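What follows is a short report on a single structure.
The values are calculated or read from the model by the stated rules, or taken from the named source; none is laboratory data. As the structure is a prediction and not an experimental result, all values here were calculated from the model. Cβ placement follows ideal geometry from the backbone for every residue including glycine, while neighbour counts extend to all protein chains displayed.
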């Protein structure tokens, strides 16, 4: 099941994420649901999210 961020404001510039298998996270562009899907190990995705939240990535 694909989920969109709760911080998405309907502008169409959104990422959607899914966890079809507990050890994997899939990411896609909401404007192109039939397009490319990026796949990450859940540990990689969790490290990315932690980096964004902590400001370590400068975002």
**Scope region 24-58; condition in contact with a helix residue (DSSP H, G or I) (Cβ under 6 Å, 6 or more places away or on another chain) and assigned to a strand (DSSP E or B); matching residues** = 25
**Complete:** Screening 43, 27 for residues that are within 10 Å of the chain's Cα centre (by Cα) and at pLDDT 90 or above leaves only 27
